[in-house]
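Undergrad: I have a structure I would like to understand better, so I am pasting it below and will then ask my questions one at a time.
The values are calculated or read from the model by the stated rules, or taken from the named source; none is laboratory data. On a predicted model such as this, the values are computed, not experimentally measured, just so you know. Counting neighbours? That spans all protein chains shown, and the Cβs are built from the backbone with ideal geometry, glycine included. These accessible areas exclude ligands, DNA and RNA; they are computed on the full protein's heavy atoms, side chains included. Shrake-Rupley method; radii C 1.70, N 1.55, O 1.52, S 1.80 Å.
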Amino acid sequence: MSALRTGAPAVTGLELDAAARGAVVAAAEAQRGRAGALLPVLQAVQAALGWVPAAAVPLVAEALNLSRAEVHGVLTFYHDFRRQPPAPHTLRLCRAEACQAVGAAALAAHAQQRLGCGFGGRSADGRFALEAVYCLGNCACGPALEFDGRLQSLASPLTLDALLAEAGS
């Protein structure tokens, strides 16, 4: 994990601090002149900062000789790019057909009720993000979920409650 992600916030309002600005510039400079550089630059920014702040868009656009609209369009098109700081805990629930066939809908309803948010949202305290994914590669053992990067097979509402309790919910 980058020191930027564990230190002070990289963004205050729409301004980047010096360390965050340096990370964005370094990511852009590393790819300058390469065809298709935008995605690797945005990925590097997110790896360094944990997210891609709006204040990074003009820096990336200028470095790659793109419009801000082009950078913003790519940033908002791909769901894996975070445009706000990540929550301390992330719950990803499989919504694919194999998991739906074995109870994922009930698990999703339980998760939404427990966290008080829908997919793409956060719990009221901001500690938990709820994300939908369309396959975790564990189809034979669904429903599947991923909590803080750990895959859980044969997940149930009880499993989910135990994971949330372990995280201090």
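Undergrad: Which residues, taken from segment 10-42, are without any contact (Cβ under 8 Å) to a residue 12 or more places away in the chain and polar (S, T, N, Q)?
TA: Answer for segment 10-42, where residues must be without any contact (Cβ under 8 Å) to a residue 12 or more places away in the chain and polar (S, T, N, Q): just Thr12.
Undergrad: Within segment 63-116, which residues are charged (D, E, K, R), over 17 Å from Asn138 (Cβ atoms) and modelled with pLDDT of 95 or more?
TA: Within segment 63-116, Arg68, Glu70, Arg114 qualify.
Undergrad: Filter segment 68-113 down to the residues that are in a helix (DSSP H, G or I) and open to solvent by 80 Å² or more (accessible area, probe 1.4 Å), then identify the one that is farthest from Ala132 (Cα to Cα). Can you show your working first?
TA: We begin by selecting, within segment 68-113, every residue in a helix (DSSP H, G or I); these are 68-77, 97-100, 104-113.
From what's left, open to solvent by 80 Å² or more (accessible area, probe 1.4 Å): 68, 70, 72, 77, 97, 113.
Working: Arg68: 28, Glu70: 26, His72: 22, Phe77: 16, Glu97: 13, Gln113: 15 Å.
Once the filter is applied, the top-ranked residue is Arg68.
Undergrad: Just wondering, is there one or more residues in segment 57-65 that are over 21 Å from the mean Cα position of the chain (by Cα), over 19 Å from Glu146 (Cβ atoms) and of a type in the set (S, T, N, Q)?
TA: yes
Undergrad: Any idea which residue in segment 122-169 is most open to solvent (accessible area, probe 1.4 Å), counting only those that are assigned to a strand (DSSP E or B) and of a type in the set (D, E, K, R)?
TA: Here the residue is Arg150.
Undergrad: What's the number of the condition Asn65 fails, among (1) among the polar types (S, T, N, Q); (2) open to solvent by less than 50 Å² (accessible area, probe 1.4 Å); (3) within 21 Å of Ala23 (Cα to Cα)?
TA: (2)
Undergrad: Only residues in segment 112-134 that are at positive phi count as the first member; pair them with residues that are open to solvent by 70 Å² or more (accessible area, probe 1.4 Å) and assigned to a loop (DSSP other than H, G, I, E, B), Cβ under 6 angstrom, at least 6 apart or cross-chain, and list the lot.
TA: Gly116/Ala124
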